[in-house]
Amino acid sequence: MKYLLLNSLLVIGLLSGCTSAYKGLQRTTGNAHCVEQFRPQYNGTVIYNTQVDVLSNHFSGLLLFKKMEDSSMRIVFTNEMGFKFFDFGFDSSGGFTKHYVMAKMDKKAVVKTLRKDFEMLLMRYDFSKAAVLEREGQQYVKVPLDKGAVYYITTKDCSELVKVENGSKRKPVVDLWMKDYHEGIPDSIDIAHRKFKFNISSQRVKK
């Protein structure tokens, strides 16, 4: 009897572990391009006070988004004295350039993770390939990736961005929040990774 009970509990545990966090999403007839209204309008230079926690390392300083004359985007993270932690470029055709990363952060996995995070934030995707889904009064615009997908989650009428998720087939692995938009620019940005400690918290510096 105990053997049967243990087997039953094991099966239930395995089934619950395999349940997808995206179960219950239903296709709907919304317009995927509606989320493009939440793409940050970084024209000129926008600066954020920023805290970054990567594993056991903590960094604080200024995160700069600068739109260049050729329409590319430069993203630079420095401390208050101007020492650079990283310097990335995203060109208008979808390319990425690692201009500089300090030795402590210059790991392939870290650079790849930061690139994906900023691509989510800048919304550098072709939304014509996205699917529109809904669940429990929220709309999910799903952008397929080579592995997994990015979900832009909004209110049902797409009037408010709730959050952004990068998810595997079964569960979210990164959460991104962009809040308090003013003139097309979010005043706060928070990114949290679920698989390991890698968090970014930014508050816009007002001129």
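What follows draws every value from the coordinates through simple rules; no lab data is involved. Source: prediction; values computed, not measured. Note that we place each Cβ from the backbone using ideal geometry, even for glycine, and neighbour counts take in every protein chain shown.
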- Taking the Cα atoms only, what angle lies between the long axis of helix 108-122 and the longest principal axis of the chain, rounded to 10 degrees? 80 degrees
- Scattering curve values for the chain, log₁₀ I(q)/I(0), Debye with Cα scatterers, q = 0.12, 0.18 Å⁻¹: -0.68, -1.34
- Working from Cα positions, state the angle (0 to 90°, nearest 10) between the long axis of helix 2-17 and the longest principal axis of the chain. 30 degrees
- Message: Please compute the modelled spin-label separation between residue 116 and residue 91, points set 7 Å along Cα→Cβ, answer in nm with one decimal.
- Response: 2.4 nm
- Item | Cα-based convex hull, the stretch 17-110, per residue volume (Å³, whole number) | 184 Å³
- Query: Based on DSSP H runs of at least 4 residues, each adding -39500 (n - 2.57), what is the mean residue ellipticity at 222 nm of the chain after dividing by all its residues, to the nearest 500 deg cm²/dmol?
  - Reply: -5000 deg cm²/dmol
- Points 7 angstrom from Cα along the Cβ direction at residue 180 and residue 105: gap in nanometres? 2.3 nm
- Additional length obtainable on full extension of the chain from residue 197 to residue 159, 0.36 nm per residue less Cα span: 10.5 nm
- Message: Greater than 20 Å separation of Cα atoms is the criterion. Which listed pairs, 156/197; 66/206; 84/163; 108/197, meet it?
- Response: 156/197; 84/163
